[in-house]
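I have placed the structure first, in the form of structure tokens, so that the comments after it can refer back to it.
Nothing in this text is a laboratory measurement; each read-out follows from the coordinates by a stated rule. Just so it is clear, the model here is predicted, and its values are computed rather than measured. Virtual Cβ from ideal backbone geometry, glycine too; neighbours counted across all protein chains shown.
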Amino acid sequence: MARAFHRGGRLLAFGSAGSVTDAAHVVVEFVHPVIMGKGALPAVALTGPGLAGELALVAEPADIALAVCADVTGDADREVAAALAEARARGLLTVALLGGDGGRVVRDGLADHPLVVASADPLVVTEVQVTTYHVLWELVHVFLDRPGLLS
């Protein structure tokens, strides 16, 4: 993710069902850092429905597609999988925060980096995902502070 930002990419975060608000929270973290000295990074929340179409309109190959899906069953799983498939087709780096067994995203290999919380309880999954995206934010900044590592 840090390499993509270093090369001018943006974070395109999205989720389905209850995870839409978590995707929006990720964007707030990246565009409005609360730690002094950490720069804002370009990020946009895609809110769907029709996430794949929305992504197709705004995505550039240098961008990062970050999917958040606590419940990988039914429509939520299909919506996120379709958006990630579109992102892959456009050459984006794909990262997915998923629950359960990872659903279609894992079965179909739609994410470069699937991070799966192996729980069927969406509340447990969401809590772990919140921690995960805060850690991702921190790691991106750690690497951006050392640009020699990003070449």
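Within a Cβ distance under 10 Å of Gly103, other residues only, what is the Lys/Arg minus Asp/Glu net charge? Show your work: numbers first, answer last.
Details: positive: Arg78, Arg104, Arg107; negative: Asp71, Asp77, Asp101, Asp108.
For residues surrounding Gly103, the net value is -1.
Across region 25-37, rounded Karplus estimates of 3J(HN,Hα) from the backbone phi angles (6.51 cos²θ - 1.76 cosθ + 1.60, θ = phi - 60°) give 5, 4, 4, 4, 4, 6, 8, 9, x, 9, 9, 4, x Hz, Gly and Pro being marked x. Summing charges over neighbours of Thr131, with a neighbour being any other residue whose Cβ is under 13 Å away from its Cβ, gives -4 when K and R count +1 and D and E count -1. Its Cα centre serving as origin, region 80-151 has a Cβ charge dipole (Lys and Arg +1, Asp and Glu -1) of approximately 260 debye. Taking all Cα pairs closer than 8 Å and separated by 6 or more residues, the relative contact order of region 16-81 comes to 43 percent.
For region 15-106, the percent of C-alpha pairs falling in each 5 Å distance bin, counted from 0 to the bin holding the largest distance, reads 3, 15, 25, 24, 18, 9, 5, 1, 0.
Would you tally the net charge around Pro33, using a Cβ to Cβ cut-off of less than 15 Å, leaving Pro33 out, and scoring K and R as +1, D and E as -1? Walk me through the intermediate numbers first.
Values: positive: Lys38; negative: Glu29, Glu138, Asp145.
With Lys, Arg at +1 and Asp, Glu at -1, the neighbours total -2.
Can you pull out the trypsin sites (Lys or Arg not before Pro) in region 60-151 that DSSP calls coil and that have at most 16 other Cβ atoms within 10 Å?
Sparse-neighbourhood loop trypsin sites (Lys or Arg not before Pro): Arg90.
Relative contact order of the chain: 24 percent, from C-alpha pairs under 8 Å at least 6 residues apart in sequence.
With charges only on Cβ, +1 for K and R and -1 for D and E, what is the dipole size of the chain about its Cα centre, in debye, rounded to 20?
On the way: 10 positive and 17 negative charges, 114 e Å.
For the chain, the charge dipole is close to 540 debye.
Per-residue ellipticity at 222 nm from helix content only, as computed over the chain with -39500 (n - 2.57) for each DSSP H run of at least four residues, stands at -14000 deg cm²/dmol.
How do the peptides 35-46, 62-73, 111-122 rank, highest first, by the average count of neighbouring beta carbon atoms within 10 Å per residue? Display every interim value, and only then the final one.
Values: 35-46: 14.8, 62-73: 25.4, 111-122: 16.8.
Highest mean packing first, the order is 62-73, 111-122, 35-46.
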